[in-house]
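The values are calculated or read from the model by the stated rules, or taken from the named source; none is laboratory data. Note that the structure is predicted; figures quoted are calculated from it, not measured. Note: ideal-geometry Cβ built from the backbone for every residue, glycine included; neighbour counts use all protein chains shown. Accessible surface areas use protein heavy atoms only, side chains included; no ligands, DNA or RNA. Shrake-Rupley method; radii C 1.70, N 1.55, O 1.52, S 1.80 Å.
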Amino acid sequence: MINNNGHRLAFHVTPGRRPTIVLDAGGGEDSSEWKDIVPKLHAATGSEIITYDRAGMGASDEVPGPWNVQHAVDDLETGLKTLGATSNIILVSHSQAGEIATYFARANPQQLSGAVLVDASLPPLYTNQEISRLVAATKPQLDAAKQNKSSKANRQLIALAESYVPMHRAYHKVTWPTSVPATVIVSEKTPFDGSPTDAQRWRDAATAFAAAGPNRTLITAKGSSHEIPKDRPALILQEIEKLASHT
């Protein structure tokens, strides 16, 4: 348990050599998202593996108020610094964690040897039009969450919604540092499998991101839902191993 700004965060470490591989779960998920991947990844690379629970998830303390991506980045930075992982890091980020990865990479490009962005939330998606569509689409789920605030997952959903519009308007303008290689794995079905328009925009955002700088590779996880860590774990392992072999 690591303390940061008055709250505790649960970090889980599998000792090993460098590069250090940091796995960051998607929205609504905690470190258990990676439980099947960690032993296989360690066996294949011998690397130190770090997973953690973001504030309000898993064994980590909740933080009241709207979700703040900069606070989430600070939590990750503090945890890694405390654990002595401050260089030669491969960051593996699923879904919402792509936003943390982008801000982390901008602030700490020298710490990263590369990143694997797993069906990640990426800046090109968040035009004003798309933000409005997503707010409208998630309103029923949000309304249901407000009726049951006793659930930790619901409280996190509400916290995210409270800052969603300004946070993503700002995120749309953020760029990935050119010095950090990135492998972008996009799912075929995306988080919006029931909405062809939004699904195509998600895939287009991944394509635009991959094309916007050097050392970026775009891979489509054929047949996969948004839950690539469950549907196609071997693909994620393969791409992490490729990055690790070049560091």
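Using 1/(1 + (r/R0)^6) with R0 = 45 angstrom and r between the beta carbons of Arg106 and Gln147, what's the FRET efficiency to the nearest 0.05?
Computed FRET efficiency for Arg106 and Gln147 comes out at 0.75.
Tell me the carbon and sulfur percent of the accessible area for region 34-97, rounded to whole percent, probe radius 1.4 Å.
Of the solvent-accessible surface of region 34-97, carbon and sulfur hold 54 percent.
On a full-extension model of 0.36 nm per residue, what is the gain between Val13 and Thr127, subtracting their alpha-carbon distance, rounded to one decimal in nm?
Working it through step by step, the gained length comes to 37.3 nm.
In nm, give the distance between the simple-model label positions of Asp204 and Thr220, each being 7 Å from the Cα along the Cα-to-Cβ direction.
About 1.5 nm, to one decimal.
Of Lys81/Lys149; Lys35/Lys152; Lys222/Lys242, which pairs sit farther than 31 Å apart, going by alpha carbon to alpha carbon?
Beyond 31 Å between Cα atoms: Lys81/Lys149.
Once amide H atoms are built 1.01 Å from N in the peptide plane, which residues 5 or more positions from Trp67, or in another chain, come under 5 Å H to H?
The list, which skips near neighbours in sequence, is Leu160, Glu162, Ser163.
Specify the residue with the greatest mean-square fluctuation among Ser150, Ser93, Ser113, computed from a Gaussian network of the chain linking alpha-carbon atoms under 10 Å apart.
Ser150
On the accessible surface of region 127-221, probed at 1.4 Å, how many percent belong to carbon and sulfur atoms?
Exposed carbon and sulfur together represent 53 percent of the surface.
Would you mind checking which residues have amide H under 5 Å from Gly26's amide H? H placed 1.01 Å from N; only 5 or more apart, or other chain.
His94
Compute the semi-axes of the equivalent ellipsoid of the chain, taking the square root of 5 times each eigenvalue of the Cα gyration tensor, and list them largest first in whole Å.
In descending order the semi-axes read 26, 22, 17 Å.
Cross-link partners among lysines for Lys173, C-alpha distance below 22 Å, same-chain residues fewer than 8 apart left out?
Output for Lys173: empty list, no partners.
Could you do me a favour and compute the accessible area per residue for the chain, 1.4 Å probe, result in Å²?
With the other protein chains kept in place, the chain gives 44 Å² per residue.
Scan around Asn4 for amide H atoms under 5 Å from its own, H built in the peptide plane at 1.01 Å from N, and keep only partners 5 or more places away or cross-chain.
Leu9
Place a point 7 Å from the Cα of Glu62 along the Cα-to-Cβ direction; which residues of region 147-176 have their backbone N under 15 Å from it?
Correct set: 147-162.
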